[in-house]
């Protein structure tokens, strides 16, 4: 496990959210008549994720998935409630939490003029990895994601959107996080690349004892990867269980999601 010490009583609980809420204030411009408006992005969310679990968060655009991931990853402060990662509070123990986690977002940023390897070496140095270890680990992960050594040293700006997303995933995995936050990681990937990423996520759990929190629009992906899933709608958890228990009477997970969120009625 990571060198950061965690509380012994929390060793089996990787993530604990207690009554988390996050608001955003829409500010009125001087010439606008309407008052300030508060938008509730995450509304009183409580859940726990056990060590070694792959936990899915499902929701439509605007449901609060990405906001919740940003709160867990210390990028946003919660307005109410608390978040603990292996017993460490994400606000009080921010630096220690950052040593335990890594995050992949759908809009990952890079130094586009640099190559994938140069980006990985830079990320490795930020986390205290030696150059040789970062290079060796980076090459191994990239090859498992189907990126050849020739491409590894080409500028990122010459790579496709899908290839760049693979590099983002490799960058997150390079540090062997004990809690990996994946915010729609396979968006924009072709079927083969998506399968490569999914296999690597499973291997992170089995080979590195990693816990994974995954947001996705792909119901088949959630069904295949996740031990449990939470369905988020308008910032609130409206269902939480294993995919098998959520699926009833032979329904697919997509059918369950549509029924829970009312998407079928909206589309009708």
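We did not get these values from a lab; they are worked out from the coordinates using the rules stated. Bear in mind the structure is a predicted one, so any value in this text is a computation, not a measurement. Please note: Cβ atoms are built from the backbone with ideal geometry, for glycine as well, and neighbour counts cover all protein chains shown.
Using the average count of surrounding beta-carbon atoms within 10 Å as a protection proxy, the listed peptides 122-132, 140-150, 12-22 rank, highest first, as 12-22, 140-150, 122-132. In a fully extended conformation the segment linking residue 259 and residue 202 would gain 17.7 nm over its present Cα-Cα distance, using 0.36 nm per residue.
Taking R0 as 35 Å, what's the FRET efficiency between residue 244 and residue 82 from their Cβ-Cβ distance, rounded to 0.05?
With a Förster radius of 35 Å, E is 0.70.
For the chain, find the longest principal axis of its Cα atoms and tell me its angle to the long axis of helix 116-126, 0 to 90°, nearest 10. Taking Cα atoms only, the helix is inclined about 80 degrees. Antiparallel as a % of all DSSP beta bridges within segment 10-238, to the nearest 5? In segment 10-238, approximately 50 percent of DSSP beta bridges are antiparallel ones. Relative contact order of segment 109-268: 17 percent, from C-alpha pairs under 8 Å at least 6 residues apart in sequence. Computed extension length for residue 131-residue 111: 5.4 nm, one decimal, from 0.36 nm per residue of separation with the Cα-Cα distance subtracted. Relative contact order of the chain, taken over Cα pairs closer than 8 Å and 6 or more residues apart, is 24 percent. Relative contact order for segment 144-218: 39 percent, from Cα pairs under 8 Å spaced at least 6 residues apart, divided by residue count.
In this label model, residue 23 and residue 160 are separated by 4.5 nm, measuring between points 7 Å along each Cα→Cβ vector.
The angle between the Cα long axis of helix 131-144 and the longest principal axis of the Cα atoms of the chain comes to about 70 degrees, rounded to the nearest 10. For segment 10-238, the calculated P(r) over all alpha carbon pairs, in 10 Å bins from 0 to the bin holding the longest distance, is 8, 32, 34, 20, 6, 1 percent.
Mind checking the angle between helix 161-174 and the chain's longest principal axis? C-alpha axes, 0 to 90 degrees, to the nearest 10. It works out to around 80 degrees.
Treat segment 120-175 as a sphere of radius equal to its Kirkwood radius over Cα pairs and apply Stokes-Einstein at 10 °C in a medium of 1.306 mPa s; give the translational diffusion coefficient in µm²/s, rounded to a whole number.
Calculated translational D: 141 µm²/s.
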